[in-house]
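Below: the structure, in structure tokens.
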Amino acid sequence: MTAKKTYEVLAEAFRQEEVDTCFALLGDANMNWATHFAELGADFIYVRHEHCAVAAAMSYARALDKIGVASVTCGPGLTQIMTALPAAVRAHIPLVVFAGESPLRNNWYNQELDQAPFVTACGAAYHPLHHPDRMLRQVRDAFVQAREEMRPVVLGVPFDLQNKDWAGSHELPAPSRDILPKMRPMPPHPDDVAEAATLIASAEKTIVMAGLGAVRSAGAGEACRALAEKCGGLLATTLPARGLFHDDPFNLSIAGGFSSQVTRECFAEADLIIAVGASLAHHNADGGKLYGQAHVLQVDTHPAALSQGRVPADTHLRGDAALAVKALADALEPRAEDAGSWRSAALAQRIQDTPPDTSNFQAEQGLLDPRDVASRLDDALPLDWEAVNSSGHCSYFFAQMPNRPVERFHTIREFGAIGNGISFAIGVAAAKPDETVVMFDGDGSLLMHIQELETIRRHGMKVLICVLNDGAYGSEIHKLRSEGLSDAGAVFGRPDLAGIARGFGLDGETVTDLSQLPDLVRKFNASDRGAVWDFPISDQIISPVMQRAHPRAP
């Protein structure tokens, strides 16, 4: 009987963790492990750039609420993921990355690198696997650490050691799912509930603002609606949780830099914000400018004294989002309705009828207004498609799609990096292979990793990419112009993105007439491949968040 190789046993350890999908780019230091792992039944998505492997694993993990797995080779393969790792750390996304290391036996190796400092500088954990007696437990423990700490864990395995005959035990340790604590939702303390209920009863204008913690807590969304109704308040969400209340007439949608004008006005009037399962990040509060006058009650399993340089809350209620909010609603007496109530039919009508941005900009002849593109796409695209919003200036416009529910609208942008959209779309497509995915991006972001169009084609993914093409880096040109500086270094012209898509074997359309969208949707539905729709837009339309942060000199 032929002895097993170390890489084979390590693949078995990953398989025991119920890993069924891995995103990878192969090289000397991971290709044997990946090949055997695929033979064990794992589905592999082979991307064209290492960054994209980890970024796709991020959106896969977020979409399914599980640990994402990726693999890269050593040295330059590892250094290529230095943007994806901090993005996953900031977004609290659990990942395990199998990375090779340079061979131990070599006196010199051209790709040798001390990899641990690179990884730990990004906020992720790094563990070298050098001893067979410990390797299997280290694999299992990496999954435990990723889940408990909600961040990436990178495993470095020298590839000469991987290719040796296995010298350790053949008995796999108990998998992480068997040893992770099985914890039921945490109820709030009755005394804390009573104090918070008194606070709510004394407030005149309350906004219940939900974050991802509320999305993940079964029943929290409905509980938030009930609480808002009982205290005569309004509803809002953080950006990643947008769409949780998409069908509620008193939904203000996004709280933060992406807030609409009506939302900003309501937050300016509020005297109490009930933040449910929200980390109360800097952008969520628009740097303290959105609701600085209001008292903030944070409802969370881990209330925070500090968040991104701010004291984010005045009062705290520790507990599971659903249980705590339901307890608050039960403790309140219904508020008497009167003609002057904040929660009025007039306000609901205003929320429904007022565009997110009423700024007076005019698009040049032959170019589209990005606000019109986003609005018409929201009307034309089926609501059961999985939507992925990228980052950059364009992401403001696509975030203003009021009809999209949170479970079908994916947003990861805590690190503020562009260039991730196509990878995120690949991850969502792998997580939900029977669904159609539409990704919204800008030209500058898409061009950073446009090679992944080939990955989409090769893996047969039904992904539609809608690109706001201003021929530039949108955020940078508006910032430079606001400073009175030349924007030449951020303007690149408009490549034929539809033609590039066709060159990769996908469909491509340049859309200059938005009335064509229903026909284009029907055409895409009838096709068996992905597509890129290129929308040439005016670079004179400035998002409200950019207008506030970088106003132009008069």
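The values are calculated or read from the model by the stated rules, or taken from the named source; none is laboratory data. Because the structure is a prediction, the values reported are computed rather than measured. As a convention, Cβ positions derive from the backbone with ideal geometry for all residues, glycine included, and neighbour counts pool all protein chains shown. Remember, those area values only see protein heavy atoms, side chains included, never the ligands or the DNA or RNA. Shrake-Rupley method; radii C 1.70, N 1.55, O 1.52, S 1.80 Å.
The set of residues in segment 1-47 being assigned to a helix (DSSP H, G or I), open to solvent by 10 Å² or more (accessible area, probe 1.4 Å) and of a type in the set (Ser, Thr, Tyr) consists of Tyr7, Thr35. Total residues in segment 279-310 satisfying the condition of being open to solvent by 70 Å² or more (accessible area, probe 1.4 Å), within 28 Å of Ala194 (Cβ to Cβ) and either without any contact (Cβ under 8 Å) to a residue 40 or more places away in the chain or of a type in the set (Lys, Arg) (or both): the figure is 4. Among residues of segment 471-495 that are farther than 13 Å from Pro551 by Cα and in contact (Cβ under 8 Å) with a residue 12 or more places away in the chain, those with a beta-carbon under 6 Å from a residue that is among the hydroxyl-bearing types (Ser, Thr, Tyr) and outside any strand (DSSP E or B) at least six positions away or on a different chain give the pairs Ala490/Tyr473. Only one of the numbered conditions (1) out of contact with any helix residue (DSSP H, G or I) (no Cβ under 8 Å at 6 or more places or on another chain); (2) closer than 22 Å to Ala324 by Cβ; (3) in contact (Cβ under 8 Å) with a residue 12 or more places away in the chain is not met by Pro158, and that is (2). The strands (runs of 3 or more DSSP E) found entirely in segment 265-374 that carry 1 or more residues being within 22 Å of Arg242 (Cβ to Cβ) and either touching a helix residue (DSSP H, G or I) at 6+ places or on another chain (Cβ under 9 Å) or modelled with pLDDT of 95 or more (or both) are 272-276, 295-300.
Across segment 196-249, the number of residues qualifying as without any contact (Cβ under 8 Å) to a residue 60 or more places away in the chain, assigned to a strand (DSSP E or B) and in contact with a Phe, Trp or Tyr (Cβ under 7 Å, 6 or more places away or on another chain) comes to 1. A single member of Val139, Val144 is open to solvent by less than 20 Å² (accessible area, probe 1.4 Å) and touching a residue at least 12 places away in the same chain (Cβ under 8 Å), and it is Val139. If the condition is being part of a loop (DSSP other than H, G, I, E, B), open to solvent by 10 Å² or more (accessible area, probe 1.4 Å), touching a helix residue (DSSP H, G or I) at 6+ places or on another chain (Cβ under 7 Å) and closer than 30 Å to Glu483 by Cβ, then segment 506-552 contributes Asp539, Ile542, His550, Pro551, Arg552. Under the condition of being farther than 15 Å from Ala425 by Cα and either acidic (Asp, Glu) or touching a strand residue (DSSP E or B) at 6+ places or on another chain (Cβ under 8 Å) (or both), the residues counted in segment 385-397 number 4.
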